[in-house]
Amino acid sequence: MTGTVWLDDHVVAGHVALDFCNTVYRRTPELGAELLDSTDAFYRWLIHVDLVAPTAEPVKAATLRAAVDLRSVLWKAFDAQRAGRGIDPAVLARVLAQARRGAEHVVVDPYGAITASATAGAPAALAVASLQLLLHPPTPAIRACDGCGWFFVDTSRSRRRRWCSMRTCGNEHKVARYRAARGER
Ligand SMILES: [Zn+2]
């Protein structure tokens, strides 16, 4: 096994397309380490989020490259939506093009849940899943973690979620506040 070990704290967004966007250590304030750091890591992520069956064939290098390309396009799309701007037609065109490449492997169940019947179809499945959110933005809207920029849909009752996870960014903030209150740096 090579690459990232996936934990529940990597799957906090409330939608697989956003969890996919969150496969870097951080997006803000500057781009952090790549978590899809090997074909094996991407393969295990796909199984971790139930996008492919554990019996699926390994991920090819070209599939990982397509996925990483798609992810950079999705960042633009969801950042635009989050900021209240429309999606750039050039960005939408790239999502649609990726949705078509491998579409024969995309499986949509009667409840709208999307999976891929082969790892080669994973980027297409992720593109289709992203279109769900782009064409039908969720209520409440997509937000980004104040700490690391990971996207999430805020389904908390108070609608005041600020962090990707209380165990990571939320906890860092609490510790920083505690230190500030004690006059430490
Ligand atoms: Zn965060």
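The table below lists the values:
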| quantity | calculated |
| --- | --- |
| Selection from PHE42, SER130, ALA53, by position along the positive dipole direction of the range 8-139 (Cβ) | SER130 |
| If the convex hull is drawn through the Cα atoms of the chain, its volume per residue in Å³ | 133 Å³ |
| Selection from SER165, VAL24, ALA176, by position along the positive dipole direction of the chain (Cβ) | ALA176 |
| Cα-centred dipole magnitude for the range 46-158, charges only on beta-carbon of K, R (+1) and D, E (-1), debye, nearest 20 | 280 debye |
| By accessible area with a 1.4 Å probe, ligands and nucleic acids excluded, highest first: order of VAL175, VAL5, VAL49 | VAL5, VAL175, VAL49 |
| Residue list for the range 132-155, given a label point 7 angstrom along the Cα-to-Cβ vector of VAL108 and an amide N cut-off under 16 Å | 132-137 |
| Computed [θ] at 222 nm, helices only, for the chain once each DSSP H run of length n ≥ 4 contributes -39500 (n - 2.57) | -13000 deg cm²/dmol |
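The values are calculated or read from the model by the stated rules, or taken from the named source; none is laboratory data. Values in this document were obtained by computation on a predicted structure and should not be read as measured data. Using ideal geometry, Cβ is built from the backbone for each residue, glycine included, and neighbour counts are taken over all protein chains shown. Please note that ligands, DNA and RNA were not included when accessible areas were found on the heavy atoms of the full protein model with its side chains. Shrake-Rupley method; radii C 1.70, N 1.55, O 1.52, S 1.80 Å.
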